[in-house]
């Protein structure tokens, strides 16, 4: 429905209030026991004329609509469901701080706000952040009143700016082709928590398969004579403990585990850890976290997990839901997607053009799912795009470093954001992102340009090919390492001035076999499509999928695949499930097809 005024938005708001949307703790790798969830109904107002700052809306109380946070106004679960352009929107809600938090510093946390956010508490600016996929936090203590506090957020997301990292969010009014609905404003959880003036800011956990675990803690407002304790637990039993004196704003602590248990999709073993910051007068801060021990490497054209070759059987997972767009509707929905992927015989997912909710990565860690993590890209190149991409990618890698499920980082997909790699600047940016990622994290593999024009610095040679049948595919790729064939889209697999570097080859997008369930024929979008056509019956679709897998099984040069895709998304009907997660095929049949690759 198209709307353009605050009145129509108010009319769309749902009169039914859910008890507590997304009630789980939003930051599972860095958990504090005391916190307050600010999700729920907020007042809401669009600012199509960009008049809010001049008219001091941060002091106003007459926001006429309401919205269910953390769902974007474009989604149905927000209570609004307006997909038209509103580049600037405002949020407002009252809140109070529990009396038990007296004497503490109060931090306000946002999981993600797309794209630029300005935050006021009681009319005082407390935070500004740019980047639609990463968290930010601020100390609001100095702006608080004893009671009756008011929180206001202004979010700005220019819908047609293709120099902003936006992933699959379309810059035109109606989603078409491979692009979908936009997400504007708050789309992940908002919460408060109390801390001491000096507190833990983050902890980076690095482990090795021989049981050495290193903790690098950052300390906010450090003081004298501070130290950090860590204790590692296995189902409540303490296995190791260590302590290190803080060196200014940081501390590094190491521990050794005897007979370490390794993490894998088959046995996703995790260790719990408690981390405490102490000062001369006692405990200042405590957080709970966890880690898994695993290694990922390449050797002789193969990918090695914990030193053993593993065939990556992954599926494309774009992280969209029909009622909530990019925001997972619930923790249970996340678990169900992971469970379905594993039931279908996949050992991993390629998260595509989305920086996923931390709760997804938490459950991937817990349930045993390999993850190829990917940045949401811009589409065009200039110096602004370089700065935006670089800043936000650093935040992504920092946020998700501790998740053992992530084995691959992918900053760029199909030359998005670097559309002309004959341009030396764009080529330099692509290679710089690879080296930047390695400088931030040398424990994972990095794909420089997924599926498109690779340079010689990539760890994995990922190709995308939607050849229709297995016979055609085998003919195209029978000499895969001897002069790679061009993709069907007319691009090259190697950037100008570069050669194939001998890295392991992944078929990192293929399939795309479309099929529509008979009961859905009357309700799919008119522009529905599949990458390699739409089959009229289930048997034909299944036979074509099997044919592709059989061809790949005869090509030992390929060490991993990513089938497109796990579920339909809007007008794309090439999923193994429908958009609302109904199975199109018998799970056992897909699982047997996946078993052809090992």
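Computed from the coordinates by the stated procedures, all read-outs in this text should not be read as laboratory data. Bear in mind the structure is a predicted one, so any value in this text is a computation, not a measurement. Please note: Cβ atoms are built from the backbone with ideal geometry, for glycine as well, and neighbour counts cover all protein chains shown.
Annotation: the antiparallel percentage among DSSP beta bridges lying fully within the chain is about 75. Taking every alpha-carbon pair under 8 Å whose residues sit at least 6 apart, the chain reaches a relative contact order of 11 percent.
With just the Cα atoms defining each centre, how far is segment 441-476 from segment 541-568? Give it in Å. Going from one Cα centre to the other spans 14 Å. Sorting 465-472, 247-254 by average packing, meaning the other beta carbons within 10 Å per residue, from highest down gives 465-472, 247-254.
Based on Cα contacts under 8 Å between residues 6+ apart, segment 6-195 shows a relative contact order of 26 percent. The convex hull of the Cα atoms of segment 354-420, projected and averaged over all directions, covers 4.5 nm².
At full extension, residue 440 and residue 145 could sit 102.2 nm farther apart than now, given 0.36 nm per residue minus the alpha carbon distance. Cα centroid separation, segment 399-417 to segment 134-181: 22 Å.
Using r as the Cβ-Cβ distance of residue 34 and residue 244, and R0 as 25 Å, what FRET efficiency do you calculate, to the nearest 0.05? According to the calculation, E is roughly 0.50. For the chain, the square roots a ≥ b ≥ c of the C-alpha gyration tensor eigenvalues yield an a/c of 1.5 or more together with a/b not exceeding b/c, which makes the shape oblate. Exposure proxy for 129, 235: other Cβ atoms within 10 Å of each Cβ, ordered fewest to most, give 235, 129.
With helices as the sole contributors, the chain gives -5000 deg cm²/dmol at 222 nm; each DSSP H run of n ≥ 4 counts as -39500 (n - 2.57), and the sum is divided by every residue. Per-residue Cβ neighbour counts within 10 Å put 401, 115 in the sequence 401, 115, beginning with the fewest.
When 147, 410 are arranged by Cβ crowding within 10 Å, least crowded first, meaning fewest neighbours, the order is 147, 410.
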